[in-house]
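The values are calculated or read from the model by the stated rules, or taken from the named source; none is laboratory data. Being a predicted model, the structure only gives us computed values, none of them experimental. Every residue, glycine as well, gets a Cβ built from its backbone with ideal geometry; the counts of neighbours run over all protein chains shown.
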Amino acid sequence: MTQVGHALTGTAIAVICLPKRISRRDKFIHFAAFVALALFPDFRLPNWGHDKYYISHSLFINLMFIFGFVILLALFKNIRAKIGGWVVIACGATAWLSHLLLDSFYNHGKGVAIFWPLSKGRLILPISWLSVVKPLPPPITTELIRILLIEFVTFSPLVLLAILIRNQTFTDKTE
């Protein structure tokens, strides 16, 4: 999967849990953080990302990281309040974990070793029109542009739906 689907999903989740009163600077940081969280399992870090796909895409490993961050944020109330509280933290965890589900949608046939190290089983929920990009980093080709456009068309409705839900939620509360 390219970063497009993950980034759009992270953006949609960010829209849903954006704090009401927030400066433009903090909005930018909020959205950038959610996109980064949605992309985290693919970050190119030592023993992480596509070099160690079974580790970086394991539900248990990612939950350990998330749990660590939650404990850290529980210790620092001022930081927790600054980022929007527990709702924003829960949404951030959702954006992070969305990566694992989205990768299972791709038709490469390998699936995601989501239960590693407890099981070698893989989560495979392929959607026929979603393709992977090979090799990484890909050269810019018509195939890459086609894949990026398909991901954009597939996942951008999530952002629009999130905007509609958010607007409807806030409209209902003010009437």
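Structure values in brief
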item: Checklist (1) within 26 Å of C17 (Cα to Cα); (2) at pLDDT 90 or above; (3) in contact with a His (Cβ under 9 Å, 6 or more places away or on another chain); (4) not charged (D, E, K, R) applied to W116, failing item; result: (1)
item: Hits in the stretch 65-75 - residues which are modelled with pLDDT under 90 and among the small types (G, A, S); result: A74
item: Members of the stretch 16-26 that are modelled with pLDDT of 90 or more and either β-branched (V, I, T) or surrounded by fewer than 14 Cβ atoms within 10 Å (Cβ to Cβ) (or both); result: I16, R24, R25
item: Residue tally, condition modelled with pLDDT under 95, within 12 Å of G5 (Cβ to Cβ), among the polar types (S, T, N, Q) and not in a loop (DSSP other than H, G, I, E, B), over the stretch 129-175; result: 0
item: Matching residues, the stretch 1-26, being of a type outside the set (A, V, I, L, M, F, W, C) and over 30 Å from H50 (Cα atoms); result: P19, K20, R21, S23, R24, R25, D26
item: Pair list, Cβ < 6 Å and 6+ apart or interchain, from the stretch 53-64 residues that are buried (at least 17 other Cβ atoms within 10 Å of the Cβ) and modelled with pLDDT of 90 or more to residues that are not hydroxyl-bearing (S, T, Y) and not in a helix (DSSP H, G or I); result: S56/W48; H57/V112; S58/W116; L59/I114
item: Any pair with Cβ under 7 angstrom, 6 or more apart, that starts in the stretch 110-130 at a residue that is within 12 Å of L100 (Cβ to Cβ) and ends at one that is part of a loop (DSSP other than H, G, I, E, B) and of a type in the set (S, T, N, Q); result: A113/S58; I114/S58; W116/S58
item: The one condition in (1) part of a helix (DSSP H, G or I); (2) surrounded by 16 or more Cβ atoms within 10 Å (Cβ to Cβ) that I29 fails to fulfil; result: (2)
item: Members of the stretch 56-106 that are in a helix (DSSP H, G or I) and among the polar types (S, T, N, Q); result: S56, N62, N78, T94, S98, S104
item: Any hit, the stretch 32-42, residues being more than 14 Å from H99 (Cβ to Cβ) and out of contact with any Leu (no Cβ under 8 Å at 6 or more places or on another chain); result: yes
item: Pair list, Cβ < 6 Å and 6+ apart or interchain, from the stretch 29-49 residues that are modelled with pLDDT under 90 to residues that are of a type in the set (F, W, Y) and surrounded by fewer than 16 Cβ atoms within 10 Å (Cβ to Cβ); result: G49/F43
